[in-house]
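Below is one structure, written out as structure tokens, with a few remarks after it.
The values are calculated or read from the model by the stated rules, or taken from the named source; none is laboratory data. Just so we're clear, the structure is a prediction, and the values are computed from it rather than from any experiment. Cβ placement follows ideal geometry from the backbone for every residue including glycine, while neighbour counts extend to all protein chains displayed. The protein model used for the area step is the full one, side chains on, heavy atoms only, and it has no ligands, DNA or RNA in it. Shrake-Rupley method; radii C 1.70, N 1.55, O 1.52, S 1.80 Å.
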Amino acid sequence: EIWRQMVENHLTTCVENDTDTSSDCHAWGALLCYELPAVILGVRPAAPGFQKVRIEPQVGTLREASGDVITPRGLIHVEWKRDEENALHLHYTLPDGVAYENEEV
């Protein structure tokens, strides 16, 4: 809900707390530029220059997410959704020349 409120307030950077009506441009405000693609969507390089990619979303309490991640080799599209049994359904598209490589845990 805090994200929706920031958009409604026409803010361009993150607020420091949920009582501020203005945003301050601090370095930590850029954290989302990393967190959304690398953590929520789970896209990380598995080889230099994104020759291979690993997709391991950290879903937390979210039910679904989707988005595009820009790489030196093109866009990677990821969408995932948890069903009623909390099983994760992951779909992705990779640019030509990018291999998918998830490690076994």
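Tabulated results
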item: ³J(HN,Hα) computed for each position of the range 34-48 - Karplus, 6.51 cos²θ - 1.76 cosθ + 1.60, integer Hz, glycine/proline x; result: 9, 4, 5, x, 7, 10, 5, 7, x, 8, 9, x, 10, 7, x
item: FRET E, pair Trp3, Glu85, Förster distance 41 Å, beta-carbon r, rounded to 0.05; result: 0.90
item: Within the chain, helix-based [θ] at 222 nm, where runs of 4 or more DSSP H residues each add -39,500 (n - 2.57), nearest 500; result: -2000 deg cm²/dmol
item: Answer label for mean projected area of the Cα convex hull in nm² (calculated), chosen among (i) 6.1; (ii) 8.4; (iii) 5.6; result: (ii)
item: Solvent-accessible surface ranking, highest first, for Val39, Val78 at 1.4 angstrom; result: Val39, Val78
item: Karplus-derived 3J(HN,Hα), 6.51/-1.76/1.60, for each residue of the range 66-77, Hz, glycine and proline x; result: 7, x, 10, 10, 7, 9, x, 9, x, 7, 10, 9
item: Distant-in-sequence amide H partners of Glu16 (H built 1.01 Å from N, under 5 Å); result: Asp24
item: Glu101 long-range amide H proximity, modeled H, under 5 Å; result: Val53, Arg54, Ile55
item: Thr61, Thr19, Thr13, Thr71, ranked by accessible area, largest first (probe 1.4 Å); result: Thr61, Thr19, Thr13, Thr71
